[in-house]
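Asker: Got a structure here, written out as structure tokens. Questions coming.
The values are calculated or read from the model by the stated rules, or taken from the named source; none is laboratory data. This structure is a prediction, so every number in the text was calculated from the model and none was measured. Every residue, glycine as well, gets a Cβ built from its backbone with ideal geometry; the counts of neighbours run over all protein chains shown.
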Amino acid sequence: MIFTSHIFIFYFLPLVLLIYYALPAKRNFFLLVASYIFYGWWDPRFVLLMFLATFVNYLCGRMITASPVGSPKRYPPLLASVVICLSMLGFFKYFMFMQNNLNFLLKVLGSEAFSIYQVTLPIGISFYIFQSLSYTVDVYRGDSPPVRTFWDFACFVALFPQLIAGPIVRYNTVADQLVYREHNLNKFTSGAALFILGFAKKLFLANMIGQAADAAFGAETLTTLDAWFGVIAYAFQIYFDFSGYSDMAIGLGRMFGFEFPRNFNAPYLADSITDFWRRWHISLSTFLRDYLYIPLGGNRVGPRRTYINLTLVMLLGGLWHGASWVFVIWGAYHGLFLAFERWRGKESVYNILPKPVRIAITFVLVLFSWVLFRCPTLEGAVQFFKAMFGIATAEGGSILLAGELYTQGNFLMMGLCAILAFQPIQAFDWVKNLTWLRMGFLIVLFCFALMTMFAQSFNPFLYYQF
């Protein structure tokens, strides 16, 4: 089930809200049941996988808390939790990737390749594995109290607003909210407003500008202008698609009394790659920092190890996004820039340039990384880069592509996306002060978005695949 479907908007969400607020107690258990229905709508089999991850981490958490902080007896259950969770993620997400790479090596060595076994990737597995794993780590460190009941913990792992594509909600951020959370009209209204804005981002901006991006990245040949137009369109598509989902998830959370962390903060206004990762997918970057970068030593182990840690963390972050060497290179690309900016510090070239120029340079650097992120193969990314730099020769088909790209509608959408992306007031901030005029605007916007939803074909969120 997806947020931008008539089943969710007209049936699932109203019914769940009605029952939730009518219940005098056991609201967490009801949300758990609703979340399992939401997740199982796609494939009921994988509900069992999520339940297994939940049970393992709950059990390991109980074993950890049976011993005092600092006791060596706390380490084995933590290790078991990490190994089991990462094994589950590794099998479903990387088994085919490893098979393909092993076959490649066998061919190089002159041996016969073996048959590839197909493995279906469960939607959102990366998110709920990370979330459930955060519980055992937080409890082990003493950063959070043990969960009150198994059903509260299961509700935390499966909570449907952010289950599929984040933001990654860590246990220590909602531990108290699982026990008690405030429900009031202001929170519900701001949540509904944020949901509507995210809903409109997806349908009006991401889906429409995404048609230009798909045309460019699906073309066999490109002119230089086609390639740049296409990658800029994709930059806007992925931003409004993913930030739109995050807005909807945070808004839904507020409607049920939860406060989830902000996940985007005008990332295309970043004036360095370091600044970009403070603004883009904030829940992932902070998760990697707190659970990987700092345990590796962070910046406490000398400059050289710091640069290695930064690169390694981003490389693994790239691999988290997908089982492909293109994602590994994407992560390494960002990691090397983070290491370079840490190395140069105040002497960096960024600091001697005006801020608008720094923002423009950073945006171009991010565009290069989006080519890697969007192209399914390394060969395709290389061809796209050649087109961007005018190295590849465009053939006759590019004339037809130009007719598809440079339409009045695409220019209008590109301009609108640029205006909304390159300004500091984001949806998360806009809903903090809801006036009657803004509420009227939201009602009209939602009505038009609903009409657009029925006119568009099925178009899931881009981050569903991660």
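Asker: Return the total of residues in region 257-278 being within 27 Å of Arg141 (Cβ to Cβ), part of a helix (DSSP H, G or I) and of a type outside the set (A, V, I, L, M, F, W, C).
Answerer: Residues meeting the conditions: 2.
Asker: Quick one: what pairs do we get from region 280-305, first residue assigned to a loop (DSSP other than H, G, I, E, B), second of a type outside the set (Val, Ile, Thr), C-beta under 6 Å, 6+ apart or different chains?
Answerer: Trp280/Pro267; Leu296/Asn309; Gly297/Arg305
Asker: Follow-up. If the Cβ limit is 6 Å and pairs must be 6+ apart or interchain, which residue in region 339-351 that is at pLDDT below 90 pairs with which residue that is surrounded by fewer than 12 Cβ atoms within 10 Å (Cβ to Cβ)?
Answerer: Short answer, once both residue conditions are applied: none.
Asker: For region 305-315, does any single residue satisfy the condition of being farther than 23 Å from Ile419 by Cβ and assigned by TED's automatic domain parsing to the domain that holds Met388? Working first, answer last.
Answerer: Start the filter on region 305-315 by keeping residues that are farther than 23 Å from Ile419 by Cβ, which leaves 305-315.
Cutting the leftovers down to assigned by TED's automatic domain parsing to the domain that holds Met388 gives us none.
The answer is no, given that none of the residues of region 305-315 is farther than 23 Å from Ile419 by Cβ and assigned by TED's automatic domain parsing to the domain that holds Met388.
Asker: Give me the pairs: first residue in region 124-141 and farther than 26 Å from Asp43 by Cβ, second residue not in a helix (DSSP H, G or I), beta-carbon distance under 8 Å, and six or more apart or on different chains, which are they?
Answerer: Asp138/Ser144; Asp138/Arg170; Val139/Pro145; Val139/Pro146
Asker: Taking Gly61 and the conditions (1) touching a residue at least 24 places away in the same chain (Cβ under 8 Å); (2) surrounded by 17 or more Cβ atoms within 10 Å (Cβ to Cβ); (3) within 19 Å of Gln162 (Cβ to Cβ), which numbered condition does it fall short on, given that it satisfies the others?
Answerer: (3)
Asker: Let me ask you something else. Out of Phe199, Phe236, which single residue is of a type in the set (Phe, Trp, Tyr), in contact (Cβ under 8 Å) with a residue 40 or more places away in the chain, closer than 24 Å to Gly390 by Cβ and surrounded by 24 or more Cβ atoms within 10 Å (Cβ to Cβ)?
Answerer: Of Phe199, Phe236, the one residue that is of a type in the set (Phe, Trp, Tyr), in contact (Cβ under 8 Å) with a residue 40 or more places away in the chain, closer than 24 Å to Gly390 by Cβ and surrounded by 24 or more Cβ atoms within 10 Å (Cβ to Cβ) is Phe236.
Asker: So, one more: Of the residues Leu79, Leu121, which is of a type outside the set (Lys, Arg) and assigned to a helix (DSSP H, G or I)?
Answerer: Leu79
Asker: Which one of these is assigned by TED's automatic domain parsing to the domain that holds Gly124, in contact with a Lys or Arg (Cβ under 8 Å, 6 or more places away or on another chain) and not β-branched (Val, Ile, Thr): Pro161, Pro146?
Answerer: Residue meeting the stated conditions: Pro146.
Asker: What number goes with the only condition from (1) hydroxyl-bearing (Ser, Thr, Tyr); (2) modelled with pLDDT of 95 or more; (3) surrounded by fewer than 20 Cβ atoms within 10 Å (Cβ to Cβ) that Thr221 does not pass?
Answerer: (2) is the only condition that Thr221 fails.
Asker: Which one of these is at pLDDT 90 or above, closer than 28 Å to Trp320 by Cβ and among the polar types (S, T, N, Q): Ser5, Ser87?
Answerer: Ser87
Asker: Next up: Looking at Leu319, Leu310, Leu336, which one is in a helix (DSSP H, G or I), at pLDDT below 90 and among the aliphatic types (A, V, I, L, M)?
Answerer: Of Leu319, Leu310, Leu336, the one residue that is in a helix (DSSP H, G or I), at pLDDT below 90 and among the aliphatic types (A, V, I, L, M) is Leu319.
Asker: Tell me the residue from Leu23, Leu32 that is at pLDDT 90 or above, hydrophobic (A, V, I, L, M, F, W, C) and surrounded by fewer than 14 Cβ atoms within 10 Å (Cβ to Cβ), please.
Answerer: One residue alone meets the criteria, Leu23.
Asker: Limited to region 14-26, what total is found for residues that are closer than 22 Å to Tyr128 by Cβ and touching a residue at least 24 places away in the same chain (Cβ under 8 Å)?
Answerer: So the answer is 1.
Asker: Tell me yes or no: at least one residue of region 291-302 is on the phi > 0 side of the Ramachandran plot, under 13 Å from the mean Cα position of the chain (by Cα) and modelled with pLDDT under 95.
Answerer: No, because not a single residue in region 291-302 is on the phi > 0 side of the Ramachandran plot, under 13 Å from the mean Cα position of the chain (by Cα) and modelled with pLDDT under 95.
Asker: Touching a Phe, Trp or Tyr at 6+ places or on another chain (Cβ under 8 Å), within 21 Å of Asp152 (Cβ to Cβ) and aliphatic (A, V, I, L, M) - does that describe any residue in region 66-78?
Answerer: Within region 66-78 (the criterion being touching a Phe, Trp or Tyr at 6+ places or on another chain (Cβ under 8 Å), within 21 Å of Asp152 (Cβ to Cβ) and aliphatic (A, V, I, L, M)), the answer is yes, since at least one residue qualifies.
Asker: Here is a further query. Looking only at region 127-151, which residues are surrounded by 15 or more Cβ atoms within 10 Å (Cβ to Cβ), closer than 16 Å to Pro77 by Cα and of a type in the set (Gly, Ala, Ser)?
Answerer: Result: Ser132, Ser134.
Asker: Now, a different point. Listed residues Met1, Met88, Met50, Met96; which is in contact (Cβ under 8 Å) with a residue 40 or more places away in the chain and outside the structural domain of Ala154 (by TED's automatic domain parsing)? Quick ask: steps written out before the conclusion?
Answerer: Values: Met88 fails: outside the structural domain of Ala154 (by TED's automatic domain parsing); Met50 fails: outside the structural domain of Ala154 (by TED's automatic domain parsing); Met96 fails: outside the structural domain of Ala154 (by TED's automatic domain parsing).
Testing whether each residue is in contact (Cβ under 8 Å) with a residue 40 or more places away in the chain and outside the structural domain of Ala154 (by TED's automatic domain parsing) leaves just Met1.
Asker: Which number in (1) over 18 Å from Tyr140 (Cβ atoms); (2) over 22 Å from the mean Cα position of the chain (by Cα) marks the one condition that Tyr36 misses?
Answerer: If we test Tyr36 against (1) over 18 Å from Tyr140 (Cβ atoms); (2) over 22 Å from the mean Cα position of the chain (by Cα), just (2) comes out false.
Results for (1) in the same structural domain as Trp436 (by TED's automatic domain parsing); (2) at pLDDT below 95; (3) in a helix (DSSP H, G or I); (4) out of contact with any Gly (no Cβ under 6 Å at 6 or more places or on another chain), shown as yes or no for each residue.
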| residue | (1), (2), (3), (4) |
| --- | --- |
| Asn172 | no, yes, yes, yes |
| Ile196 | yes, no, yes, yes |
| Leu203 | yes, yes, yes, yes |
| Met208 | yes, yes, yes, yes |
| Ala212 | yes, yes, yes, yes |
| Ala227 | yes, yes, yes, yes |
